[in-house]
Amino acid sequence: MDTVDRPSKQLKQWTEPITFTDADCTGIRYPHDDPLVISVILSNYKVRRVLIDNGSSSDIIFLSCFRQRKIGKESLSSLQTPLVDFTGDRVTSIGSIDLPITIGEYPRQTTKLLTFLVVDYPSAYNSILGRTALNAFQAITSTSHLAIKFPTDLGVGTVRGEQTVARE
C-alpha cells in the first residue's frame, strides 16, 4: 500500500487586503510629521504613549511602566541586552519578560505574547513596539495616516494614533 504525503495543517490566514484611504485621515491635523503613538492593553492594563518604531529591532517596556504593572523584578529573565538609541547612547536592559499585549478594539483585536526588554532609562513613552511586534501582529503601519492595520479573524483591525498625545 502506498502512503500519501498530506499537507500539514496551516493556520487560517486572512486574505482581505490591507489598505489605507482618505477615510483613515479623519481627525488628523495636517501637515504633520508626528510619531505614531497608540494605546494598547498590556498585561490587562491600558497603556498609553506606546511608540510604534519600524526601525527598532526590539520591543521595550520602560522600568517606570513595568513597575506600574506591579510585576516583581523576580519575574525578569537575566538576559541583559545592550541597546543603542538614536543619539548613539548605549543602555543595557535590566532583563526581559514575556507579556501579553492586545491591540485593536473589540471585536477586531488580537493578542500576542511578546518578549519585552525592560529598560531603566528616561523616556516620554511607556513602551516601544518594534519590528518584532509588528511582524507578530502582521501589522502594516502608515505614519501619514497615523494608523496601524492588522488581520484578525473578523477582518482587518485598525489602531489609530493619538496625535495629541504624540505632540505632548
Evaluate the following for Ile18: is it at pLDDT 90 or above, in contact with a strand residue (DSSP E or B) (Cβ under 8 Å, 6 or more places away or on another chain), in a loop (DSSP other than H, G, I, E, B) and among the β-branched types (Val, Ile, Thr)? yes
Can you name the residue in segment 58-73 that is among the charged types (D, E, K, R) and in a loop (DSSP other than H, G, I, E, B) and, of all such residues, is farthest from Pro122 (Cα to Cα)? Lys70
Looking at Asp53, is it surrounded by 15 or more Cβ atoms within 10 Å (Cβ to Cβ) and of a type outside the set (A, V, I, L, M, F, W, C)? yes
Please find, within segment 108-158, the residue that is nearest to Glu16 (Cα to Cα) out of those that are open to solvent by 20 Å² or more (accessible area, probe 1.4 Å) and of a type in the set (Phe, Trp, Tyr). Tyr125
Whether any residue in segment 67-80 is out of contact with any helix residue (DSSP H, G or I) (no Cβ under 6 Å at 6 or more places or on another chain), of a type in the set (A, V, I, L, M, F, W, C) and loosely packed, with under 10 Cβ neighbours inside 10 Å is what I want to check. no
Collect the residues in segment 85-107 that are open to solvent by less than 100 Å² (accessible area, probe 1.4 Å) and at pLDDT below 75, keeping them in residue-number order. Asp85, Thr87, Gly88
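The values are calculated or read from the model by the stated rules, or taken from the named source; none is laboratory data. Not measured: the values here are computed from a predicted model. When we count neighbours, we look across all protein chains shown, and the Cβ atoms used for this are built from the backbone with ideal geometry, even at glycine. Areas reflect the complete protein model, heavy atoms only, side chains present, ligands, DNA and RNA absent. Shrake-Rupley method; radii C 1.70, N 1.55, O 1.52, S 1.80 Å.
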